[in-house]
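Accompanying notes for the structure given below.
The values are calculated or read from the model by the stated rules, or taken from the named source; none is laboratory data. Only a predicted model underlies this, so the values are computations on that prediction, with no experimental measurement involved. Note: ideal-geometry Cβ built from the backbone for every residue, glycine included; neighbour counts use all protein chains shown. Surface areas here come from the heavy atoms of the whole protein model, side chains and all, with no ligands, DNA or RNA. Shrake-Rupley method; radii C 1.70, N 1.55, O 1.52, S 1.80 Å.
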Amino acid sequence: EKTGATGDALEEMQTSARNIAKSIPTDFVTAGSAVGEVNTRFHLTGQELEDLSSKFVKFAELNDTDVSSSIDNTQKVMEAFNLTAEDAGALLDTMNKVGQDTGISMDTLASTMVSNAASLKELGMSAADAAAFLGQCETSGVDTSAVMAGLKKALVNASGEGKTMKEALSELQNTMLNAESSTDAYNAAVDLFGSKA
């Protein structure tokens with residue numbers, strides 16, 4: 001038990017783990033890991049602990065990932081975007097949806113969100129915007145790091161043309177989504193962001 005919890009607190013967490021294992025198809029070990037990690041990282045107890053832990057178990061099952069690493073990755077995303085424990089459930093829903101819509105792996109999504117968080121926030125993106133955007137980059141076969149470099153340049157260009165970043169981005173997203181191939185999508189990005197991007 002890595003939480004260091006004892007007595008009543010430990011008993012309460014074991015009960016939560018059992019409840020989760022009963023309510024969703026998972027094993028007690030996975031449920032126990034989720035409860036322990038969520039308690040340690042998000043400092044939740046009782047029903048809140050049980051609810052968020054069970055969301056993480058479902059998330060891990062759905063995405064075929066390890067529950068502990070899912071919690072670890074998600075916590076890093078939350079820290080990068082200044083989210084609180086209350087936002088965790090919504091973030092998981094968003095990431096799930098992006099994964100299902102685009103096929104991006106959750107590990108890739110989380111790590112690109114974290115590594116590009118500063119730029120994405122500078123571009124006025126919320127965690128949900130960022131997840132959707134990075135998922136689309138992945139689907140289009142565009143190199144995310146090239147796109148991020150381009151975005152910074154685009155920010156300068158767009159403001160020069162009196163466009164908001166959101167307008168420039170939505171133009172790009174439409175072009176990328178409607179592109180016939182990843183080459184077209186890449187070219188669209190290059191058109192918007194300039195050839196150096």
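What to note about this one:
- Sole residue being under 22 Å from residue 87 (Cβ atoms) and either open to solvent by 20 Å² or more (accessible area, probe 1.4 Å) or of a type in the set (Lys, Arg) (or both), chosen from 8, 51, 27: 51
- When every residue of region 41-56 is checked against the conditions, none turns out to be acidic (Asp, Glu), within 20 Å of the chain's Cα centre (by Cα) and closer than 17 Å to residue 9 by Cβ.
- Qualifying residue in region 142-164 (condition: assigned to a helix (DSSP H, G or I), in contact (Cβ under 8 Å) with a residue 40 or more places away in the chain and within 26 Å of residue 62 (Cα to Cα)): no
- Qualifying residue in region 39-47 (condition: free of Cβ contacts under 8 Å to residues at least 12 places away in the same chain and either in contact with a helix residue (DSSP H, G or I) (Cβ under 8 Å, 6 or more places away or on another chain) or closer than 26 Å to residue 103 by Cα (or both)): no
- If you go through region 90-105 and keep only what is at pLDDT 95 or above and either farther than 13 Å from residue 136 by Cα or open to solvent by 80 Å² or more (accessible area, probe 1.4 Å) (or both), you end up with 90, 91, 92, 93, 94, 96, 97.
- Pairing residues of region 17-28 that are in contact (Cβ under 8 Å) with a residue 24 or more places away in the chain and within 10 Å of residue 54 (Cα to Cα) with residues that are surrounded by 14 or more Cβ atoms within 10 Å (Cβ to Cβ) and polar (S, T, N, Q), at Cβ distances under 7 Å and at least 6 apart in sequence or on separate chains, gives 20/26; 20/53; 20/54; 23/54; 24/54.
- Test: residue in region 59-72 that is open to solvent by 10 Å² or more (accessible area, probe 1.4 Å) and closer than 21 Å to residue 120 by Cβ: yes
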